[in-house]
Amino acid sequence: MSQLDQKSEAWSALFSEPMSDLVKRYTASVFFDKRLWQADIAGSLAHAAMLARQGVIAQADLAAIQQGMAQVRAEIESGAFEWKLDLEDVHLNIEARLTQLVGDAGKRLHTGRSRNDQVATDVRLWLRGEIDLISELLAGLQKALLALAEQNVDVVLPGFTHLQVAQPVSFGHHMLAYVEMFARDQERMADVRKRVNRLPLGAAALAGTTYPLDREWVARELGMEGVCQNSLDAVSDRDFAIEFTAAASLVMVHVSRMSEELILWMSQNFGFIRIADRFTTGSSIMPQKKNPDVPELARGKTGRVVGHLMALITLMKGQPLAYNKDNQEDKEPLFDTVDTLKDTLRIFAEMAGGITVQREAMEKAALRGYATATDLADYLVKKGLPFRDAHEVVAHAVKDAQAKGVDLSELPLADLQKFNPAIGEDVFGPLSLRGSLNARNTLGGTAPAQVRAQIARHRARLA
Ligand code: ARG
C-alpha cells in the first residue's frame, strides 16, 4: 500500500480514527472532478519538468514521472483506471496511481505544491479549453443567423415595442440584433479568458514555497498569459469562474429572449415562422399539436445557468482567505454551465437552419397594426408641419382607417387629404411597408441596403 492509500484510512499519523463512510462520501469530489484529469496531468508534468530544471528533483525522477503519467493517461483513456472514492479527488487518485507505478519519483511530484494551487490550476486550464470551444460555437451560431438574415433581408416583420406593432423592420435586421448580442458574448468570453489564463501553481498551500520554483517557466509551458502575483489570492480566487458563469448567463439570456420570440412566432396566433419538425415534438393527447420544445427548454435552462451563477457568487461570499473546502463546490455548477451552454449553442445553430419564414403572415400583421403611421407623420413633417401636429393628424387618420377596417395605405387620397391638404399622391410610397423600410437608411437602420452592409461586416469579422 502506498502512503496515499493509507492516508485515505486516516490522513496521517496525526489522525486516531478513520473517516466514516458518510463523511468520505460527503467530502469526496472524485466522481465529478475526474473530468479535470487531462488538466491535472498537464499541470503535473509542467510542475515536474520545472522541478527538474531547477534541480529540486533528479532528471531520473522526471523521466519516471513522465513515463508513469503516460501510463496513467492510457489507463484513463481506455477506461481501465480505477477511480477510488477513498482517494477523495482527481488529484490524489492520479498521484496515488503514479506512485504505485513509479515508486519514490511519484512521491516527489508534490514537492513545492499543494492541492490548493493544483486544483486552481486544473480548473483554469480546463475552463480555458472550454471557453475556446464556446467561442467557436458562438461564431457558428452567428454564422447560422447571418444565413437566415441574408435569406430574409426583404421580408417585412412588424417590429414591436411593448409587444404592440410599432414599425416595419426587415426580418434580416431582426436576426442581426441577435448576431450583435452573440458577438458581444464572444468578446466577453475572450475577455474572461485573459483572467482565467493565469497560473496559480507555485502558490502552494497559501504562502508560497521554500523551493526555488520558476513559476514563469511553468506558465509559459502551460500556455498561460501570466502568473497569479499573490499566493493567498492565487489559491482562493474563484472570480474567474464567477465571471465566466456571468458571461454564460448573459449568453443564455440572449438565447432565452430569442426562444421567447420563436415560441410566440410559431404559435397559430402569430404564424410568422415554422420550425422544422425535427426540433419540435407532438402531444400525447392532442394530435394537432407541434410544440417548440427546443426553444422552450433553452428558455428553461437559462434559469439553471443563472442559478449556477448565484451558487458560485454565494459560495465566495464570506470565505476568509485563503483556500477553504467550500471551493470544491465550484465544480458542479461550472461543469453544468459549460455543458448546458455548449449543447444549447449547438442546437440553436442547427435550428436556425430549420426556420422558415411565413412572409405573408408577417406583412399582414404589419398592415393590421398600422406599422407605417410614423411614416405618414414624417411625410407631413417634410411638407412643413411641426412633428407634434403631424402626430395628431395621423392619429385621426388611423382612427378613421380603423373604423373602416383598412390600412392607411388603403384609404383613398381624397380621404387622406381631409386630414391634411398637404397630402399628395406621393404619400403612397412612404405608406407602403417597403417604402417605410427603405426610408430607414441610417447606419444601424432597417433599410435592406443597411442590413446587407451589416451582413457583409459580420461575415468579414467572423471569417
Ligand atoms: N478537491 C479539492 C477542491 O476541489 C482540492 C483541493 C483540496 N485542498 C484541501 N486543502 N483540502 O477544492
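Once the other residues with Cβ under 14 Å from the Cβ of residue 364 are scored (Lys, Arg +1; Asp, Glu -1), what is the net sum? Neighbourhood net charge equals -2.
Taking amide H as placed 1.01 Å from N in the peptide plane, the amide H of residue 281 sits under 5 Å from that of 291, 293, each at least 5 places away or on another chain.
Near residue 226, the amide H atoms lying under 5 Å from its own belong to 199; only residues 5 or more places off or on other chains count, and H is placed 1.01 Å from N.
Sort out the exposed loop trypsin sites (Lys or Arg not before Pro) in the chain (DSSP loop, at most 13 other Cβ within 10 Å) and tell me the longest stretch that has none. Result, exposed sites excluded: 1-288.
Here the Karplus relation 6.51 cos²θ - 1.76 cosθ + 1.60, evaluated at θ = phi - 60°, turns the backbone of segment 320-329 into coupling constants of x, 5, 10, 6, 9, 5, 3, 4, 4, 6 Hz, with x for every Gly and Pro. Per residue, the average separation of C-alpha pairs within less than 8 Å and at least 6 apart gives segment 311-463 a relative contact order of 16 percent.
Over the chain, what is the mean sequence separation of C-alpha contacts under 8 Å (at least six apart), divided by residue count, expressed as relative contact order in percent? Spell out each step's value before the answer.
Values: 639 pairs, mean separation 74.7, N = 463.
16 percent.
For residue 107, a cut-off of 17 angstrom between C-alpha atoms picks up these lysines, skipping any fewer than 8 places away in its own chain: 7.
May I ask you to list the chymotrypsin sites (Phe, Trp or Tyr not before Pro) in segment 246-322 that are in a DSSP loop and have at most 12 other Cβ atoms within 10 Å of their Cβ?
Working: sites: 265, 270, 272, 279; in loops: 270, 272.
Answer in residue order: no site qualifies.
Among beta bridges identified by DSSP and lying wholly in the chain, the antiparallel ones come to about 85 percent.
Between helix 359-368 and the chain there is an angle of about 60 degrees, using the helix long axis and the longest principal axis of the Cα atoms. Each Lys or Arg adds one and each Asp or Glu subtracts one; over the other residues with Cβ under 10 Å from the Cβ of residue 41, this totals -1.
When only the Cβ of Lys, Arg, Asp and Glu is charged (+1, +1, -1, -1), the dipole of segment 176-239 relative to its Cα centre reaches about 40 debye. For segment 132-148, backbone phi angles converted through the Karplus equation (6.51, -1.76, 1.60; θ = phi - 60°) give residue-by-residue couplings of 5, 5, 4, 4, 5, 5, 5, 5, x, 5, 4, 5, 5, 5, 5, 5, 5 Hz, Gly and Pro being listed as x. Spacing of the modelled spin labels on residue 304 and residue 225, each 7 Å from Cα toward Cβ, amounts to 3.0 nm. Considering all C-alpha pairs of segment 6-58, those separated by over 19 Å amount to 56%.
Rounded to the nearest Hz, the phi-derived 3J(HN,Hα) couplings of segment 403-409 under the Karplus curve 6.51 cos²θ - 1.76 cosθ + 1.60 (θ = phi - 60°) are 4, 8, x, 10, 7, 4, 5, where x marks glycine and proline. Calculated from the alpha-carbon coordinates, segment 198-242 shows an Rg and a Dmax of 10.3, 32 Å respectively.
Full extension of the segment from residue 187 to residue 428, taken as 0.36 nm per residue of separation minus the current Cα-Cα distance, would add 82.4 nm. Report, in degrees rounded to the nearest 10, the 0 to 90 angle that the Cα long axis of helix 90-102 makes with the longest principal axis of the chain. The helix 90-102 is inclined about 40 degrees to the chain.
Given a Förster distance of 35 angstrom, what is the FRET efficiency for residue 441 paired with residue 195, based on the Cβ-Cβ distance and rounded to 0.05?
Values: r = 41 Å, r/R0 = 1.18.
Efficiency at R0 = 35 Å is approximately 0.25.
Helix 331-352 and the longest principal axis of the Cα set of the chain meet at an angle near 40°.
In plain terms, the chain from residue 270 to residue 339 could stretch by 21.6 nm, reckoned as 0.36 nm per residue minus the Cα-Cα distance.
Relative contact order, whole percent, for segment 1-159 stands at 29, derived from Cα pairs under 8 Å and 6 or more residues apart. Along the chain, the exposed loop sites are GluC sites (Glu not before Pro) outside DSSP states H, G, I, E and B with at most 14 other Cβ atoms within 10 Å, and the longest stretch free of them is 226-463. Computed from the C-beta positions of residue 216 and residue 13, the FRET efficiency with R₀ = 25 Å rounds to 0.10. Taking the Cα atoms of segment 148-291, the ratio Rg/Rh between the radius of gyration and the Kirkwood radius comes to 1.23. For a paramagnetic label modelled on residue 319 (point 7 Å from Cα along Cα→Cβ), amide N atoms under 20 Å away belong, within segment 12-45, to 26-37, 39-40. Working from the Cα coordinates of segment 207-348, the gyration tensor eigenvalues give, after taking √(5λ), semi-axes of 44, 16, 11 Å in decreasing order. With contributions of -39500 (n - 2.57) from each DSSP H run of at least four residues, the per-residue ellipticity at 222 nm computed over the chain stands at -20500 deg cm²/dmol.
One Cα centroid belongs to segment 41-103, the other to segment 408-428; the line between them spans 83 Å. Between residue 460 and residue 104, the C-beta separation translates, for a Förster distance of 56 Å, into a calculated FRET efficiency of about 0.45. Shown here are the Rg and Dmax of the Cα trace of segment 56-98, at 11.5, 33 Å.
Cross-link pairs exceeding 27 Å between alpha carbons, from the set 301/364; 364/404; 34/301; 289/399: 301/364; 289/399.
In the chain, Rg over Rh equals 1.16, where Rg is the alpha-carbon radius of gyration and Rh the Kirkwood radius from pairwise Cα distances.
Here the Debye sum runs over all C-alpha atoms of segment 214-292 as equal scatterers in vacuum, and log10 of I(q)/I(0) at q = 0.12, 0.13, 0.18, 0.26 Å⁻¹ comes out as -0.61, -0.64, -0.87, -1.16. Cα extents for segment 349-451 along the principal axes, largest to smallest and rounded to whole angstrom: 53, 32, 22.
On full extension, the segment bounded by residue 399 and residue 233 gains 53.2 nm, given 0.36 nm per residue less the C-alpha separation. Amide H contacts for residue 166 (H built 1.01 Å from N in the peptide plane; partners 5 or more residues away or on another chain; cut-off under 5 Å): 159, 160, 161.
Here, each number is a calculation from the coordinates, and none is a lab measurement. On a predicted model such as this, the values are computed, not experimentally measured, just so you know. FYI the Cβ positions are ideal-geometry reconstructions off the backbone, even for glycines, and counts take in every protein chain you see.
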